[in-house]
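For reference, the structure is listed below as structure tokens.
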Amino acid sequence: AGDAELTNEMLQSIYWMQVYNFLSNYGTYGMDTTKPLDRQVCAASEEGWTWQQYFLNVALQEWQLYNAFCQEGEAVGYEFTVDVEAVLEETRKGLEEAVAYEGFANVEQMIQYDMGPGATLDGYMQFLALMEKGYDYSAYLYEELVPTEDQIRAYYEENLALFEERGIADDGSVFVDVRHILLQ
């Protein structure tokens, strides 16, 4: 992604964050958490990937996306509003508090337990900093997107075939083609 380089340590952290986020949001969704992810076909993949391939792809896309936002923000002179150092310090403190509670000798050991032997605190923190800055700039862009009525009308007219194909009228209503009605 531009001049940015993805390290194995960062990839390991991003990958497992994707796995844990997926499990948190969707449960197991056809995944057997007692078996290796590279031995199971992913229910969320139309390509027939394994869960490992799916999460690796999502992790790479996430890394590229946040890098793109960071690089674009820096290129246009955006002043990031997030205090990355404060976020990292708060995260470090939270991890250090969790170490004793979870029964680990140190943060590195806990991170490696949660994210595999290649994961490091440094890789995790690098991605966290990237994510915070990327999200900050993307949120700014999203807030700036307020199209005028003329822009909306022009977009609708430029994409009329697509809207008609999907049965969407210019007033926002959706047309439904009912060919038969079944009654019990």
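The values are calculated or read from the model by the stated rules, or taken from the named source; none is laboratory data. These numbers were taken from a predicted model, which means no experiment stands behind them. Quick reminder, even Gly has a Cβ in these numbers, built from the backbone with ideal geometry, and neighbours come from all protein chains shown. Heads up: the accessible areas ignore ligands, DNA and RNA and are worked out on the full protein's heavy atoms, side chains in. Shrake-Rupley method; radii C 1.70, N 1.55, O 1.52, S 1.80 Å.
Descriptive notes on the structure:
- Based on alpha-carbon atoms, the Kirkwood radius and the radius of gyration of the range 52-184 give Rg/Rh equal to 1.21.
- Note on the range 1-83: Cα convex hull, mean projected area over all directions, 7.1 nm².
- Of all the options Val41, Val76, Val107, the one that moves most in a Gaussian network model of the chain with Cα springs shorter than 10 angstrom is Val76.
- The charge dipole of the chain, taken about the Cα centre with unit charges on the Cβ atoms of Lys, Arg (+1) and Asp, Glu (-1), comes to about 960 debye, rounded to the nearest 20.
- Accessible area expressed per residue, the chain, with surrounding protein chains retained (probe 1.4 Å, Å²): 70
- Using a simple spin-label model with pseudo-atoms 7 Å out from Cα toward Cβ, Glu165 and Thr91 lie 4.0 nm apart.
- Portion, in percent, of the accessible area of the range 42-184 that falls on carbon or sulfur, probe 1.4 Å: 51
- For the range 43-135, averaging the sequence separation of C-alpha pairs within contact (under 8 Å, six or more residues apart) and dividing by the residue count gives a relative contact order of 39 percent.
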